[in-house]
Each structure stands twice: as C-alpha cells, then as structure tokens.
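The values are calculated or read from the model by the stated rules, or taken from the named source; none is laboratory data. Since this is a predicted model, take the numbers as computed values, not measurements. Here the Cβ is made from the backbone with ideal geometry for all residues, glycine too, and neighbour counts use every protein chain on show. Each accessible area value is taken on the protein alone, full model and side chains, heavy atoms only, with ligands, DNA and RNA left out. Shrake-Rupley method; radii C 1.70, N 1.55, O 1.52, S 1.80 Å.
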Amino acid sequence: MTDSVLNVVLGLVASTISAGLGWLAQNLRRRRRLERVREFFGMPGQTECLLVVNRRGGSPTSKNVSRNDVYALMELATLVKECGAQADVVAHDEVRQGLGAKAEFCLGGPGSNDRTAAHLANWLPGVRFVPKPDPPYGDTISVGGEEFRRSEPTSAAGDRVYVLLARLHAGPDSRPVFLISGQTATSNHAAVRYLVANHRKLARRYATDKTFALVLRVVSPEAYGPDVVELAADVTAAATAEPAAVAA
C-alpha cells in the first residue's frame with residue numbers, strides 16, 4: 001500500500017471516529033437535557049400525570065372548556081409526551097386523590113376549578129382571588145397586600161392581564177403540582193408557554209424540589225394573544241405565609 005493510499009484510509013478512519021464521537025456526545029447532551037426536564041416537572045418516563053381541566057367561566061357545566069384553555073392543554077400534552085409520560089385528563093370536580101403520587105398540572109382559577117381552590121387554601125394561604133362586580137376586569141389576584149388587577153385597553157397602563165404560576169411540593173419525595181391560575185383563558189395559555197419556555201431558568205433558581213409562586217403579566221392579549229408575557233412579581237414568600245389575623 002502506497003503512502004498516499006494509506007493517508008486516505010487513515011483520514012477516512014479518523015473522520016468516521018470523529019463523526020461517531022460527535023453523534024455520541026450530542027446524544028448524551030440530549031439525554032441529559034431530557035432528564036433535567038423530567039426531573040423539574042416530576043415526570044420520569046413511563047409514568048402518569050394529571051391534567052386537571054377547569055370549566056369555562058360562567059358555564060354551569062364542567063364539560064364546557066374555553067378554547068384558549070384547550071390550547072393550553074394541548075401544549076401541556078406535548079410536554080408530557082416529550083418526557084415519555086402519559087397524561088390523564090380529568091375534570092376539576094372529578095379528581096379524588098391526594099398530592100405527590102403523580103405530577104399534576106391544574107388549569108384555571110379557583111372560580112372555575114375546585115381543585116385549584118383546594119390547593120390554594122392548603123398550600124398557598126396568602127393568595128386570594130377577589131371577585132369584582134364588573135365582569136370585564138375578572139378576579140383580582142391579591143398576595144400579601146399587593147393586588148394584581150386586570151386593566152382594559154382604554155386605561156393608562158393599557159391592556160394587562162395577570163396569572164399566578166406556582167409549583168407545590170407536598171413532601172420531599174413527592175411529585176410536583178403546577179398551578180396555572182389566570183384572570184382569563186388567554187392568560188392561562190400564556191403561563192403554560194412561559195413555563196415550557198423558561199423551565200431551565202426556573203430550575204436554576206428554585207431547583208427541582210422547592211415551591212415557588214410567580215405572578216406573570218400578559219401584555220395586550222387582545223393584540224398579541226398569549227405571546228407577550230413578563231414576570232410581574234415573585235410572591236413565593238407572601239403566598240406561602242399564613243395571612244395575618246384581622247383584629248376584632
């Protein structure tokens with residue numbers, strides 16, 4: 001074998017080994033990323049999770065779901081599938097199980113989701129959804145004396161809608177519960193998108209086993225839909241604290 005042929009053969013072998021090592025490294029990176037996502041959301045492969053569905057605001061039946069809430073559920077279902085888990089979709093008034101055995105995504109505020117109301121009362125006592133007599137404004141989210149009230153397009157602040165995004169842990173070895181409780185169905189959808197897009201940042205700040213509660217601001221949803229979302233406040237401390245007793 002001449003030197004030129006030998007050099008060609010060695011070059012091909014080196015290229016093959018390099019390509020194989022590159023593929024292996026990419027595969028390992030993808031696997032590590034997937035494991036981090038599974039750990040943050042509490043959804044190891046081949047496990048089940050709950051998608052708890054709210055009812056449409058003002059509807060007397062739990063079977064009537066808003067279109068934007070359906071979109072939010074579809075994006076959550078995609079996330080579940082990517083983690084290799086299986087989604088069990090259940091109406092909010094049909095769930096009869098505790099926390100921790102399965103990862104859970106609970107969609108909607110306490111006015112449209114009975115399970116959300118129970119989670120707030122037991123795990124986030126500092127949060128209240130205060131109904132307003134004028135329907136266009138929706139419920140005001142009140143946390144630790146701070147109020148987040150929806151504003152209309154004609155107001156000085158412009159159209160702003162708020163949503164509570166929280167993760168709860170019942171115990172050190174329990175699977176997490178994610179609360180997505182907005183003033184509108186569009187804000188629920190926006191919070192789901194924020195959660196999926198920012199889970200790495202949230203994992204770095206809150207690890208994979210800590211409770212957090214965030215209020216997100218959805219900007220001009222009538223114009224931008226669920227696409228423009230920003231963090232309004234981290235209310236974890238106030239949300240998990242017992243409200244001060246009112247003097248007689």
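Among the residues of this structure, Arg38 does not count as one that is over 17 Å from Ala191 (Cα atoms) and either at pLDDT below 80 or of a type in the set (Phe, Trp, Tyr) (or both). Considering the conditions (1) under 23 Å from Gly126 (Cβ atoms); (2) in contact with a strand residue (DSSP E or B) (Cβ under 9 Å, 6 or more places away or on another chain); (3) open to solvent by 10 Å² or more (accessible area, probe 1.4 Å); (4) not aromatic (Phe, Trp, Tyr), Ser220 is excluded by exactly one of them, (1).
Just a yes or no: is a residue in the range 159-172 among the β-branched types (Val, Ile, Thr) and either outside any strand (DSSP E or B) or open to solvent by 30 Å² or more (accessible area, probe 1.4 Å) (or both)? Talk me through it step by step, then tell me what you get.
Initial filter on the range 159-172 (among the β-branched types (Val, Ile, Thr)): 161, 163.
Keeping just the survivors that are either outside any strand (DSSP E or B) or open to solvent by 30 Å² or more (accessible area, probe 1.4 Å) (or both) gives none.
No: zero hits.
The set of residues from the range 90-145 being of a type in the set (Gly, Ala, Ser) and either part of a loop (DSSP other than H, G, I, E, B) or modelled with pLDDT under 85 (or both) comprises Gly98, Gly100, Ala101, Gly108, Gly109, Gly111, Ser112, Gly126, Gly138, Gly144, Gly145. Just checking, does the range 196-212 include any residue being in contact (Cβ under 8 Å) with a residue 12 or more places away in the chain, closer than 24 Å to Asn122 by Cα, buried (at least 22 other Cβ atoms within 10 Å of the Cβ) and among the aliphatic types (A, V, I, L, M)? Looking through the range 196-212, none of the residues is in contact (Cβ under 8 Å) with a residue 12 or more places away in the chain, closer than 24 Å to Asn122 by Cα, buried (at least 22 other Cβ atoms within 10 Å of the Cβ) and among the aliphatic types (A, V, I, L, M).
Residues in the range 173-195 that are over 21 Å from Lys132 (Cβ atoms) and open to solvent by 20 Å² or more (accessible area, probe 1.4 Å): Asp173, Ser174, Arg175, Arg193, Tyr194.
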